[in-house]
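Take a look at the structure set out below.
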């Protein structure tokens, strides 16, 4: 029996178009139906199905379905569905249309089997997602969006250059395991690195994500970095460098997250930290480690989405998001509080929640390969996660000092979306086999053994103790309205100065040049113009000049040719 | 109808149209109908020719012979066909646009406007189909002269001054350098005919070839290689349809097309590639790309910004032409088409903004989006195509140009191309984005768009850019004949 199935990206693009043309309830219905239809379509796609296409002289593979891409495919469908429910109250055509197009681009990237298709969707992701930031319609969001876009396109441009170099080197555009050999693969690696927020390349995430709309950030946190993790897992598994990059990614955001006031920015830092675990797993590269990375990507999308949704709900209801201005919201937003706590427990990797079953896989894999120090660092990072995401987010938003705010409970659609996400967190935590069965490699792994649970509980218990102690002694960094300097200070200040000086210099040089050029032209005109008094010898000077130039050229020709 | 007759018809029909426009100087509607019909007929001629050329035919015709070996003749080859297709198709669109534009923005001088326009197109077709350097030169000069009245159309002192610079620079470079180079070619090789392998291969020393390349590069002032780009931003005083068609498509593209054609058919790709003597010009083009972008960034006048962007983008094509690898040639040919569609859309939008809101400054355009959504969306599409992002045609030409730089191992130029994408984002995209998302200053939110013909024109070219992304294969098949005859 032949099953008709189309490219997963196409379903979403079509959906985005229909959304654009409809209004009101119908629009919401269409937007909700798209991921459902997409999931059915995905189920119908036969295993290891590929679509090939010849364009120019290249053999492209716009669709390649295998275990790795399929898992991300399902994940993105589920996440989009949740995100759309969450955004149902937003009656803005552009946002729902863009969200679907963005999801479609992410799916396109995940299912692309060659570097050209990957590049196309890579850039499409950039130019669709940025509108979720612009949609906030503030000056801050606008400039952050432009910075975000430049960074994302830079990533695309690096990918394009890398792909071209690889094409010239190997005469193939297939997107397989690339490994770090040659300039081309390094550039591709760097391109993936920007999107997965490697240290020093991460500023776009913490800069732009908190500036997006309350629904936009949810979508943003789902796709871009996870597609990058997928791309790394596909192209660079077992690259040792990734382990060290991953460790740095897990550790350094903790310090920023602890002192940051904007709670969505805290989550953005936390996202870098979580992606660090995945990057580490990809770097280790064993079957178990890749499985761990992918599984962690799955749980991260759901629990990070849940936390982002909770913070979005707070922002939506109170209009504030700074930890210093919030607090005591549990009185009027009890349901959101509970759901947020579930997300916090998951991200902190409490046993019986999704973070535990995926993160422990990465940790075990790291230990199994003998990276003891790395394992220690990851352990430290796990404790840090608990601090800034597990405790800080719910504590400062919903408990802590009473801010006097009495907002209404989040709208029903938001609660439904968050409940679905929370259920997934708990289900995966309790029945990890459901997730494990979908992983790309068959690995017999059991997260719930005594050592794991005891170790994790000890870790969490003692970090909680540390938090309480620091709070009681007043040593915990208070939530202040402040600006924390990150690496983007360098881009924005030094980089901008540099750009200004180059621009000024070139402008000055250009003006001078124009002036001299004009002078030269005038002199030429003076030479060529016949002297008015010399009536008889009309144009002699001009004729002589032209003749000399002409003869000179001819001489040059003969000379150069001889 | 034989193909060689079509060649003549494609050039003659716009000329006839021009004559008819002059005859019916009192009947505005007849002039419009004549212009559009002439465009459609001319375009169909080129389409029929395209069919012949893509099957491998090379129809040619001698018009008249001046002296032995010096004749005015036409022939059709892939590159010329591509240029003629673009010019004649966009002429139709621009005429539709001009109908809407002239209605609201100054109707006087209509006859000379439409007549000169048609002559300019005829000249562009002549350039496209020229079979030798002499024919090319003649039509090149006709193009300069016929567009001069269009530049000075408004008759203001500023326009006159711009016109003087326009005419002065283009004529002096073409006579002082271009013609000299042509004479040199004649002296060296004894022929001016374009040939697939080039006519200078093995006849000129590398030094001479390098000098000749320079003479052609600067002699063809329409290609706007720095420092000979000065006329282009000045010429923006012309009415917007003129800026759109002539200074984004016909005139400037005639310039870069001429250079590309000379590189391929006079010097020969293989010859140049082996000696590498034109590479220094490619670096100059690289400098033009970056400087053009940097200057564009500081322009507050929208049309001036677009003009510098054109300077920068034209050098993409020159860069491809001067690198002379197989892929860079294909990329340069593609970029003629891609940039034409992208940039003409931008000019259409700039004109629409001018007509409706009387705004010329970029800084005044924040918040215009809700008022003119179609215009601003089209602007965004055009800008994305010029930047070279998917899903728009500009991506493919950039792909091949970049591939060409790698083939030539000119990695600095590769970096230039990539850097330029980022710079282009910074100076083009904020215009529509600020129009939509920084809208606090918008006085009225109600829709107020340009006249319908203007909207049709800009939507057609914007959709064209998208279609060029989805169906680039046909263009590629045509251009690949250049390197695999």
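Of B:192, B:7, B:392, how do they rank once you tally other Cβ atoms within 10 Å and put the fewest first?
Values: B:192 22, B:7 29, B:392 26.
The order, fewest Cβ neighbours first, is B:192, B:392, B:7.
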Quotient of Cα Rg and 2.2 N^0.38 Å for region B:62-105, N being how many residues it contains
1.86
In the P(r) worked out for region A:18-79, what percent of Cα pairs fall beyond 16 Å?
59
Of every Cα-Cα pair in region B:19-90, the percent that sits beyond 18 Å:
56
If you fit an axis through the alpha-carbon atoms of helix A:93-111 and take the longest principal axis of the Cα set of chain A, what angle between them do you get, 0 to 90°, nearest 10?
90
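What area, in nm² and to one decimal, does the C-alpha convex hull of the protein assembly as shown cast on average over all directions?
Details: hull surface 183.3 nm².
Projected over every direction and averaged, the Cα hull of the protein assembly as shown covers 45.8 nm².
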q = 0.12 Å⁻¹, chain A: log10 I(q)/I(0) [Debye, one scatterer per Cα]:
-1.13
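Tell me, what does the Kirkwood hydrodynamic radius of region B:249-376 come to in angstroms if you use every pair of distinct C-alpha atoms? Please list the in-between numbers first.
Numbers: mean 1/r = 0.0629 Å⁻¹.
Radius from the Kirkwood sum: 15.9 Å.
Stretched out fully, how many nm does the piece from residue A:517 to residue A:473 gain, at 0.36 nm a residue minus the Cα gap? All intermediate terms of the calculation are to be shown ahead of the outcome.
Details: separation 44, 0.36 × 44 = 15.84 nm, distance 7.26 nm.
Going from the current span to full extension adds 8.6 nm.
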For region A:268-372, max minus min Cα coordinate along each principal axis, in Å, sorted largest first?
48, 24, 21
Roughly what angle does helix A:496-528 make with the longest principal axis of chain A, taking Cα atoms, 0 to 90 degrees, to the nearest 10?
10
State the Kirkwood hydrodynamic radius of region A:80-159 in Å, one decimal place, computed from all pairs of distinct Cα atoms.
13.3
Calculated SAXS-style log₁₀ I(q)/I(0) at q = 0.13, 0.17, 0.21, 0.23 Å⁻¹ - region A:131-176, Debye, Cα scatterers
-0.46, -0.58, -0.68, -0.74
Two-site label geometry, residue A:427 and residue A:17: point separation in nm, points 7 Å out along Cα→Cβ:
3.3
Run through all the Cα pairs of region A:317-392 and give the fraction in each 5 Å bin from 0, expressed as whole percent.
3, 14, 19, 20, 15, 11, 8, 6, 4, 1
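Treat chain B as a sphere of radius equal to its Kirkwood radius over Cα pairs and apply Stokes-Einstein at 25 °C in a medium of 0.890 mPa s; give the translational diffusion coefficient in µm²/s, rounded to a whole number.
111
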Sum -39500 (n - 2.57) across every DSSP H segment of at least 4 residues in chain B, then divide by the residue count to get the 222 nm mean residue ellipticity, nearest 500.
-23500 deg cm²/dmol
Translational diffusion coefficient, Stokes-Einstein: compute it for region B:372-485 using the Kirkwood radius over C-alpha pairs as Rh, at 25 °C and 0.890 mPa s, and state it as an integer in µm² s⁻¹.
151
Per residue, the convex hull enclosing the alpha carbons of region A:178-292 has a volume in Å³ of 90
What Kirkwood radius, in Å to one decimal, follows from the Cα pairs of region B:105-255?
16.1
What percent of all Cα-Cα pairs in region A:103-219 falls in each 5 Å bin, counting up from 0?
2, 13, 20, 22, 17, 12, 7, 4, 2, 0
Rounded to 10°, Cα long-axis angle of helix A:183-195 versus longest principal axis of chain A
50
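Based on DSSP H runs of at least 4 residues, each adding -39500 (n - 2.57), what is the mean residue ellipticity at 222 nm of chain A after dividing by all its residues, to the nearest 500 deg cm²/dmol?
On the way: 21 runs with 391 residues, N = 562.
Taken over chain A, the calculation gives -23500 deg cm²/dmol.
Considering the convex hull of the alpha carbon atoms of region B:303-456, report its projected area averaged over all viewing directions, in nm², one decimal. Can you show the working numbers first?
Details: hull surface 34.7 nm².
Its Cα hull, projected and averaged over all orientations, spans 8.7 nm².
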Where Rh is the Kirkwood radius over the Cα pairs of region A:412-471, the temperature 4 °C and the viscosity 1.567 mPa s, what D in µm²/s does Stokes-Einstein return?
90
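Each reported figure results from applying straightforward, stated rules to the coordinates on display, with no laboratory input. Predicted model, so just to flag it, every value in this text is computed and none were measured. Counting neighbours? That spans all protein chains shown, and the Cβs are built from the backbone with ideal geometry, glycine included.
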